[in-house]
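The values are calculated or read from the model by the stated rules, or taken from the named source; none is laboratory data. Here the structure is a predicted model, which is why all the values come from computation and not from measurement. As a convention, Cβ positions derive from the backbone with ideal geometry for all residues, glycine included, and neighbour counts pool all protein chains shown.
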Amino acid sequence: MQHLSLPRGELKLVCLAAHPDDIEIAAGATLLAFAERGCVEGHWLTLTGSPERRAEAEAAAQAFLPDSHTTFHGFPDGRLPAYWNEIKDILHGFAAALPEADVVLAPRIDDAHQDHRLVGTMAPTVWRDALVLHYEVPKWDGDLGRSNCYVPISAELGRRKVSLLNEHYQSQRGRDWWDDETFLGLMRIRGMECRSRYAEAFQASKAVLSLGIDE
């Protein structure tokens, strides 16, 4: 297992979500670690959500990564593939406004949820010069797969992630899968896989290793 580090200095982070709470469930602790690192400019694009859920997501974005910029669209939940052309145009427009994005967080391309899968499949075709990390969202479909990129997380950040999820997504707390054990348990398993107490896992389909040599 190799350990790689992002360069110091300003980073532009793009967070793509089909639904409010996708990013925070999948990568909330990673966002908190980015916030601790500093010099990170966050840009969020969420494609579905009621006004209530949008308000939750806007507050959550500021809690997980302060000073983030948020953009929302009101496509119907569960129907994103029917709006393929519109969503493709939105993603390209969003990318054009951020020509120097460094890291893009997007759903996995093999996610069982059709909304997630569409966004995850489009992301690397839109952001061709950024590091695209595909995140995982636990769900009843049982689609958790193999990961090849891990972000080790301290116990403090892991617990803070769960606390912020509960605080900002009150509308979701009645769901049977929404509980501390779900979130901490997955982070613990991924932590075990990379020899950390907790971790969040991603799939990096393609990465470029720069050796600092001029061509």
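General observations
- Single match in GLU181, GLU156, GLU200, GLU167 (criterion: exposed (fewer than 12 other Cβ atoms within 10 Å of the Cβ) and modelled with pLDDT of 95 or more): GLU181
- All of VAL151, VAL126 fail the test of being of a type in the set (Val, Ile, Thr) and either closer than 30 Å to GLY185 by Cβ or in contact (Cβ under 8 Å) with a residue 60 or more places away in the chain (or both), apart from VAL151.
- Residue among ALA82, ALA95, ALA59, ALA106 that is more than 15 Å from the chain's Cα centre (by Cα) and closer than 13 Å to CYS15 by Cα: ALA95
- Residue match in segment 150-164 (condition: farther than 30 Å from ARG128 by Cβ, in contact with an Asp or Glu (Cβ under 8 Å, 6 or more places away or on another chain) and polar (S, T, N, Q)): no
Matching residues to (1) farther than 18 Å from ALA207 by Cα; (2) touching a strand residue (DSSP E or B) at 6+ places or on another chain (Cβ under 9 Å); (3) small (Gly, Ala, Ser):
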position: LYS88; (1), (2), (3): yes, no, no
position: PHE94; (1), (2), (3): yes, yes, no
position: ALA97; (1), (2), (3): yes, yes, yes
position: GLU100; (1), (2), (3): no, yes, no
position: ALA106; (1), (2), (3): no, yes, yes
position: VAL119; (1), (2), (3): yes, yes, no
position: ALA123; (1), (2), (3): no, yes, yes
position: VAL132; (1), (2), (3): no, yes, no
position: TYR135; (1), (2), (3): no, yes, no
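- Of the residues making up segment 129-178, those that are within 12 Å of LEU32 (Cβ to Cβ) and not hydrophobic (A, V, I, L, M, F, W, C) are SER154, GLU156, GLY158, ARG159, ARG160, LYS161, SER163.
- Among strands (runs of 3 or more DSSP E) entirely within segment 1-113, having at least 1 residues that are of a type in the set (Val, Ile, Thr) and crowded, with 22+ Cβ neighbours inside 10 Å singles out 11-17, 40-48, 103-107.
- One residue from PRO20, PRO99, PRO51 being closer than 26 Å to SER163 by Cβ and modelled with pLDDT under 95: PRO51
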